[in-house]
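Okay, structure first, notes after.
The values are calculated or read from the model by the stated rules, or taken from the named source; none is laboratory data. Note that the structure is a prediction, hence the values are computed from the model and not measured. A quick note on method: Cβ atoms are made from the backbone with ideal geometry, for glycine too, and the neighbour counts reach across all protein chains shown.
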There are 2 protein chains.
Amino acid sequence: MRLDDLIVKRSEWLRGEGPESSIAMSTRVRVARNLKGRLYFSRANKKEREETLNILFAGVKKSSFFKDALFLKVREISDTDKQFLVERHLMSREHAEDIASKGLVIEEKEIASILLNEEDHIRLQVIESGFNVLEAWKAVDNIDTDLSKHMQFDFSNKFGYLTSCPTNTGTGLRASVMLHLSALAMTSQIDGVFDAISKLGLTMRGFYGEGTEAIGDFYQISNQVALGYSEEDILDNLERIIKKIISRERETRINFLRIKKFEIEDRIQRSYGTLRSAKIITSSETIKLLSAIRLGIDLGIIKDVDIKKINEVLLLTQPAHLQKVAGKEIPPYERDIKRSDFIREKLGVA
Amino acid sequence: MRLDDLIVKRSEWLRGEGPESSIAMSTRVRVARNLKGRLYFSRANKKEREETLNILFAGVKKSSFFKDALFLKVREISDTDKQFLVERHLMSREHAEDIASKGLVIEEKEIASILLNEEDHIRLQVIESGFNVLEAWKAVDNIDTDLSKHMQFDFSNKFGYLTSCPTNTGTGLRASVMLHLSALAMTSQIDGVFDAISKLGLTMRGFYGEGTEAIGDFYQISNQVALGYSEEDILDNLERIIKKIISRERETRINFLRIKKFEIEDRIQRSYGTLRSAKIITSSETIKLLSAIRLGIDLGIIKDVDIKKINEVLLLTQPAHLQKVAGKEIPPYERDIKRSDFIREKLGVA
């Protein structure tokens, strides 16, 4: 498998299926692990980091889950390709920026991937479409079990899995769900949700994770603490609260449509009209318009396009994806023109 | 002829034809006249005003030009109908507000009309489509000559025609052209045009004349002084300067399309897309969007609709027209919904 093969493939989370897929875009579960007997990344020198990376690559290669996987050294990835991987949520922005001795493994189906020598030696993640916490966790757990046959992870009977940052220690687990909270955003209930979940051990982030803004009303909600609870407790808590948020979003959508029918229809149809008409469009405006259309599909206002197509356009119009699809570097201004051409083509505008 | 007959008729200036019609929407020429031996409107009491109105109606009725005309007393016109007449540029806002002893005569083809007991006893106007100053003047002159056979106008050998306000004295003439100056507005050259024409004895106003704002880059340019020059001199000066403005607008459009092709196309197509998609839309947003589409038609960017249709939508979506077409009063909020329905129907959106 080559990196360019990913372009023609569709990320699992793009399917637009799975439970609650009209509101929950995707579920991601990751665990942090470190090799026993090897200096942690931040403490190791250059030589030790390189040795660790080689050990990690060798260990992962032994796992049957990664038989046909893509193994990458971050320093050998071009800038556009790194951005491409960030856009696909396969790499964190930090991992893309600090490239020395860092690695990435992407499983063939693009469901599982591993960051090597990130803050921790191993950051194994699984992304599933829709609201699928348990399934994603089961997949992570299976892979983790298999990996531990080929490598020995640092584990304390008192603390659990040891990690570079204490917030990850214990289970090393972070589960997050990407929610599309249009109605809660429109009715200014988002801040209330944010306050409420903070008190329940959860946190809310933007479209590209930590430190990024929410664009197009997409919010990532994840557990904040990994220590002191079992994996099951953490996942149960997350699942329970997200279920509540989803049902609140759903109620608000229905209510809003009842009370503000024309305003909602107007907003959605204008977004659709603009997306189908624009001749220059930025990536962030595209996300905002697609967000409204996504809501419109759920509310039965937009009927000639489905969520899968919207998810696809959302991903493929990101700057690096656009360039990968075109097969060449495109300067930002031309990108905004190409993006509009691409969108109109995808939406079947004559 | 009844007032409601106007709804199904199309105002002459809507034809979207005539010289320079892509930039010059319509030309209007009016003369102010007063009856000899009758107190001027502002000096007359109620009884005298009523007597004057009757004399005026009787005089106009004798003219063959107004054989099949509509004769209206403003106080007998409903509020919606008055607004309807203002939207058609057949009545000034002031004439619609101060209703006592005021009259209106609309010639069958809606090309010529007369305000009676406005600031002056007679304000005779002719509207032609496109940039047609001389033709409009000829029509006014002919009607004026005919009217003067049936009524005696106040005339001084020293000053010319006498009027209530000295700025109208002399010829009593005001000629104005409604210009669509999108490119000059987009490139911020409008203020320069305004300064330049002020020094040349012209003035620039908004869509509904004196004291109104320019909406959708429509500007009315007219002569400021009626005294001290012959009618020919006044019209020549106006025509000469407007020709220059039109050619400047045309050059800027072409230039702008060359330099900012995608920006222009983007703006025009988004406007068209929004107009075809909206479910709620105000009258003023409609004018702005139609303005961009009108430009798009001239530049060959929009091909499936013509200027005539745009002019028609522009007029028929005005608040009173919308209600007249619907045949009932509609509250503002519902009007914004109806307006969007009407526009989509007119533009053939499924």
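Going by the structure shown, is A:ASP266 within 22 Å of B:LEU347 (Cβ to Cβ) and more than 22 Å from the chain's Cα centre (by Cα)?
yes
For the range A:280-332, give me every one of the helices (runs of 4 or more DSSP H) that falls completely inside it and has 3 or more residues that are on the phi < 0 side of the Ramachandran plot, free of Cβ contacts under 8 Å to residues at least 24 places away in the same chain and charged (D, E, K, R).
The helices (runs of 4 or more DSSP H) meeting that bar number zero.
Determine which single condition B:SER247 fails, assuming it passes every other condition in (1) among the small types (Gly, Ala, Ser); (2) away from chain A (no Cβ under 12 Å); (3) more than 20 Å from B:THR187 (Cα to Cα); (4) under 27 Å from the mean Cα position of the chain (by Cα).
(3)
If you take the residues of the range B:77-96 that are on the phi < 0 side of the Ramachandran plot and assigned to a loop (DSSP other than H, G, I, E, B), which of them is surrounded by the fewest Cβ atoms within 10 Å (Cβ to Cβ)?
Among those that are on the phi < 0 side of the Ramachandran plot and assigned to a loop (DSSP other than H, G, I, E, B), it is B:SER78.
I need the full set of residues from the range B:245-290 which are under 30 Å from A:ILE302 (Cα atoms) and among the aromatic types (Phe, Trp, Tyr), in order please. Spell out how you get there, then give the answer.
Within the range B:245-290, the first condition is being under 30 Å from A:ILE302 (Cα atoms), and the residues that meet it are B:262-290.
Selection gives B:PHE262, B:TYR272.
Quick one: which residue in B:LEU181, B:LEU202, B:LEU289 is under 19 Å from B:ALA24 (Cα atoms) and within 14 Å of chain A (Cβ to nearest Cβ)?
Working: B:LEU181 fails: within 14 Å of chain A (Cβ to nearest Cβ); B:LEU202 fails: within 14 Å of chain A (Cβ to nearest Cβ).
Among B:LEU181, B:LEU202, B:LEU289, only B:LEU289 is under 19 Å from B:ALA24 (Cα atoms) and within 14 Å of chain A (Cβ to nearest Cβ).
I'd like the residue in the range B:265-284 that is modelled with pLDDT of 95 or more and more than 7 Å from chain A (Cβ to nearest Cβ) and, out of all such residues, is surrounded by the fewest Cβ atoms within 10 Å (Cβ to Cβ).
B:THR282
Given the conditions (1) modelled with pLDDT of 90 or more; (2) surrounded by fewer than 19 Cβ atoms within 10 Å (Cβ to Cβ), which single one is not true for A:ILE99?
(1)
Only residues that are acidic (Asp, Glu) and touching a residue at least 12 places away in the same chain (Cβ under 8 Å): list them for the range B:6-50, please.
B:GLU12, B:GLU17, B:GLU20, B:GLU50
All but one of (1) out of contact with any Pro (no Cβ under 7 Å at 6 or more places or on another chain); (2) under 22 Å from B:MET178 (Cα atoms); (3) in a helix (DSSP H, G or I); (4) not small (Gly, Ala, Ser) hold for B:VAL60, so report the exception by its number.
(2)
For the range B:250-264, how many residues are away from chain A (no Cβ under 13 Å) and not aliphatic (A, V, I, L, M)?
Qualifying residue count, the range B:250-264: 7.
Could you list, in sequence order, the residues of the range A:314-339 that are within 12 Å of chain B (Cβ to nearest Cβ), buried (at least 16 other Cβ atoms within 10 Å of the Cβ) and over 24 Å from the mean Cα position of the chain (by Cα)?
A:ILE337, A:LYS338
Can you tell me which condition A:LYS288 does not meet? The list is (1) within 22 Å of A:LYS82 (Cβ to Cβ); (2) within 20 Å of the chain's Cα centre (by Cα), and all the others hold.
Answer for A:LYS288: the failing condition is (1).
Residues are listed down the side, and each one gets a yes or a no for (1) among the polar types (S, T, N, Q); (2) surrounded by fewer than 20 Cβ atoms within 10 Å (Cβ to Cβ); (3) closer than 21 Å to B:GLU87 by Cβ:
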residue: B:THR27; (1), (2), (3): yes, no, yes
residue: B:VAL31; (1), (2), (3): no, no, no
residue: B:ASN45; (1), (2), (3): yes, yes, no
residue: B:GLY59; (1), (2), (3): no, no, no
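Please tell me if B:THR282 is in contact with a Ser or Thr (Cβ under 8 Å, 6 or more places away or on another chain) and not assigned by TED's automatic domain parsing to the domain that holds B:LYS9.
no
So, A:GLU128, is that one among the charged types (D, E, K, R), surrounded by fewer than 23 Cβ atoms within 10 Å (Cβ to Cβ) and modelled with pLDDT under 95 or not?
no
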